[in-house]
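Chemist: I have a structure I would like to understand better, so I am pasting it below and will then ask my questions one at a time.
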Amino acid sequence: MEITAYTNVLGIIGDPVEHSFSPKMHNFISEKTGNDYVYTAWHVKASDLKDAINGIRALGIKGINVTAPHKVEVMKHIDIISDEAKILGSVNTVVNRDGVLYGYNTDADGLYMAMEKEGISVEGKNVLIIGAGGVSRPIIIRTVKNNPKSVTLMNRTQSKAVLIAEEIYKKTGCEIFTDMYTKEYDVVINTTSAGMEPQEDKLPTEDIPKLRDLKFITDKTAVVDLIYNPEETRFLAEAKKRGAKTMNGLGMLIYQGVIAYELFTGKEIDESITRDIKSKIFKR
Ligand code: ATR
């Protein structure tokens, strides 16, 4: 791939940002498709966020991904925010179209696309979401949109789950249960960091008394863990033992990037490229 004066520039901002897989994924897609784009990473401190966003306009950068801790704050500095990102309350993708900055959130869509590919649907199902941190809210809101029978949100610190449930009720009129709605769930999504370094040995359920016995998982349950490193968390291993179908977070990571790439370039990315990203970049 030759970088010339015509090459379009993309990138990711975050603090920290060095661990991001996005440059590898996006440059891989450009190489495969022959699209004239290059993607880099910028370590941007919160105090420099406004200047960084103005820099996109000044330099004619075509688009950026936004990662922690800027996903909420960035909304103040862009021009048009998609309805979905507004409801989710966070933006992870900014597209520069002729100097106008558009904000999107592709995280929850990435998860749902990955689930769809694995044949996991929430429609008409009892869904349990564990965790009330940063990624939880967009996922709950996206889940509600897909017509589940019920959505339950359980968190180690229950007051946080109640706050999110109240906020979502105000925004969407949908009731989110913060206590067990049913004994067994059809779809379970772990959004907590329990299971990821430095908590590899932890189950997200051990500190939540009503979930501790894992009886809500049966051989009819699909269990999704947003963690992709390790490839199989202890939680997924336990779910497998109970006969559940399992999925880790790698698909979400890949699809949120692919959807962002499509927004940046206006070009559709073939499924075969997604498979190549998985095997060539993530060796899975
Ligand atoms: P954020 O995503 O906002 O940065 P975080 O501190 O990384 O937040 O935590 C994300 C989620 O993981 C939270 O729901 C957190 O539970 P608390 O609200 O009770 O802190 C959850 N979490 C982290 N470690 C956990 C553990 N060992 N067991 C259960 N939940 C855990």
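Chemist: Among the numbered conditions (1) in contact (Cβ under 8 Å) with a residue 12 or more places away in the chain; (2) part of a loop (DSSP other than H, G, I, E, B); (3) open to solvent by less than 70 Å² (accessible area, probe 1.4 Å); (4) within 10 Å of the ligand (Cβ to nearest atom), tell me where L153 comes up short.
Modeler: So the condition that L153 fails would be (2).
Chemist: Is one or more of the residues making up segment 136-143 within 27 Å of Y39 (Cβ to Cβ) and not in a helix (DSSP H, G or I)?
Modeler: No: zero hits.
Chemist: Only one of these is of a type outside the set (G, A, S) and without any contact (Cβ under 8 Å) to a residue 60 or more places away in the chain: I87, I120, I189, I176. Name it. Before you say what the answer is, go through the steps one by one.
Modeler: Numbers: I87 fails: without any contact (Cβ under 8 Å) to a residue 60 or more places away in the chain; I120 fails: without any contact (Cβ under 8 Å) to a residue 60 or more places away in the chain; I189 fails: without any contact (Cβ under 8 Å) to a residue 60 or more places away in the chain.
Result of the check over I87, I120, I189, I176: I176.
Chemist: When you check I254 against the structure, is it modelled with pLDDT of 95 or more, under 22 Å from the mean Cα position of the chain (by Cα) and outside any loop (DSSP other than H, G, I, E, B), yes or no? Break it down stepwise before answering.
Modeler: Values: modelled with pLDDT of 95 or more: yes; under 22 Å from the mean Cα position of the chain (by Cα): yes; outside any loop (DSSP other than H, G, I, E, B): yes.
Judged against the criteria, I254 is a match.
Chemist: Do the conditions hold for T233, that is, is it within 16 Å of the ligand (Cβ to nearest atom) and touching a residue at least 60 places away in the same chain (Cβ under 8 Å)? Reasoning before the result, please.
Modeler: Working: within 16 Å of the ligand (Cβ to nearest atom): yes; touching a residue at least 60 places away in the same chain (Cβ under 8 Å): no.
In short, no.
Chemist: Another question about this same structure. Would it be correct to say that S136 is within 16 Å of the ligand (Cβ to nearest atom), open to solvent by less than 20 Å² (accessible area, probe 1.4 Å) and either within 30 Å of R275 (Cα to Cα) or touching a Ser or Thr at 6+ places or on another chain (Cβ under 8 Å) (or both)? Write out each step before concluding.
Modeler: Numbers: within 16 Å of the ligand (Cβ to nearest atom): yes; open to solvent by less than 20 Å² (accessible area, probe 1.4 Å): yes; either within 30 Å of R275 (Cα to Cα) or touching a Ser or Thr at 6+ places or on another chain (Cβ under 8 Å) (or both): yes.
Yes; evaluated as a whole, the condition is true for this residue.
Chemist: Hey, another quick one. Among what's in segment 163-185 and is touching a Ser or Thr at 6+ places or on another chain (Cβ under 8 Å) and open to solvent by 50 Å² or more (accessible area, probe 1.4 Å), pick the residue that is nearest to A222 (Cα to Cα).
Modeler: Of segment 163-185, the ones touching a Ser or Thr at 6+ places or on another chain (Cβ under 8 Å) are 164-165, 176-182, 184-185.
If we keep only those that are open to solvent by 50 Å² or more (accessible area, probe 1.4 Å) too, we end up with 177, 179-181, 184.
Values: F177: 19, D179: 20, M180: 17, Y181: 17, E184: 11 Å.
For segment 163-185, the residue satisfying everything is E184.
Chemist: Would you point out the residue of segment 90-101, among those that are in contact (Cβ under 8 Å) with a residue 40 or more places away in the chain and either open to solvent by 50 Å² or more (accessible area, probe 1.4 Å) or not in a loop (DSSP other than H, G, I, E, B) (or both), that is nearest to G266 (Cα to Cα)?
Modeler: First pass over segment 90-101, keeping only residues in contact (Cβ under 8 Å) with a residue 40 or more places away in the chain: 90, 92-96, 99, 101.
Still in the list and also either open to solvent by 50 Å² or more (accessible area, probe 1.4 Å) or not in a loop (DSSP other than H, G, I, E, B) (or both): 93-96, 101.
Numbers: T93: 14, V94: 13, V95: 10, N96: 12, L101: 15 Å.
Ranking the qualifying residues of segment 90-101, first place goes to V95.
Chemist: In segment 31-84, which residues are among the small types (G, A, S) and free of Cβ contacts under 8 Å to residues at least 60 places away in the same chain? Let's see the steps before the verdict.
Modeler: In the first step, residues of segment 31-84 are kept if they are among the small types (G, A, S); the result is 34, 41, 46-47, 52, 55, 58, 60, 63, 68, 82.
Once the filter is applied, which keeps residues that are among the small types (G, A, S) and free of Cβ contacts under 8 Å to residues at least 60 places away in the same chain, segment 31-84 yields G34, A41, A46, S47, A52, G55, A58, G60, S82.
Condition check ((1) in a helix (DSSP H, G or I); (2) touching a residue at least 24 places away in the same chain (Cβ under 8 Å)) across all residues:
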| residue | (1), (2) |
| --- | --- |
| P198 | no, no |
| F216 | no, yes |
| I227 | no, yes |
| V258 | yes, yes |
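Chemist: Something else about it: Considering each of A58, A41 in turn, give the residue that is of a type outside the set (S, T, Y), farther than 18 Å from T265 by Cβ and buried (at least 18 other Cβ atoms within 10 Å of the Cβ). Quick ask: steps written out before the conclusion?
Modeler: On the way: A58 fails: buried (at least 18 other Cβ atoms within 10 Å of the Cβ).
Going through A58, A41 in turn, the sole match is A41.
Chemist: Which one is surrounded by the fewest Cβ atoms within 10 Å (Cβ to Cβ) among residues in segment 258-272 that are farther than 23 Å from H19 by Cβ and of a type in the set (V, I, T)?
Modeler: Checking each candidate, the answer is I269.
Chemist: Continuing with this model, one more query. Is at least one residue of segment 255-264 more than 24 Å from N190 (Cα to Cα) and of a type outside the set (F, W, Y)?
Modeler: To start, the set of residues in segment 255-264 that are more than 24 Å from N190 (Cα to Cα) comprises 261-264.
Next, only the ones that are of a type outside the set (F, W, Y) stay: 262-263.
Checked against the condition, which is being more than 24 Å from N190 (Cα to Cα) and of a type outside the set (F, W, Y), segment 255-264 yields at least one hit.
Chemist: Okay, moving on. Only one of A161, A108, A165 is in a helix (DSSP H, G or I) and in contact with a helix residue (DSSP H, G or I) (Cβ under 7 Å, 6 or more places away or on another chain); which? Even if it seems obvious, please write down each step before you answer.
Modeler: Details: A161 fails: in contact with a helix residue (DSSP H, G or I) (Cβ under 7 Å, 6 or more places away or on another chain); A165 fails: in contact with a helix residue (DSSP H, G or I) (Cβ under 7 Å, 6 or more places away or on another chain).
Residue meeting the stated conditions: A108.
The values are calculated or read from the model by the stated rules, or taken from the named source; none is laboratory data. Owing to the predicted nature of the structure, the values given are computational and were not obtained by experimental measurement. No Cβ is skipped: glycine too gets one built from the backbone with ideal geometry, and neighbour counts run over all protein chains shown. The area values use the complete protein model at the heavy-atom level, side chains included, leaving out ligands, DNA and RNA. Shrake-Rupley method; radii C 1.70, N 1.55, O 1.52, S 1.80 Å.
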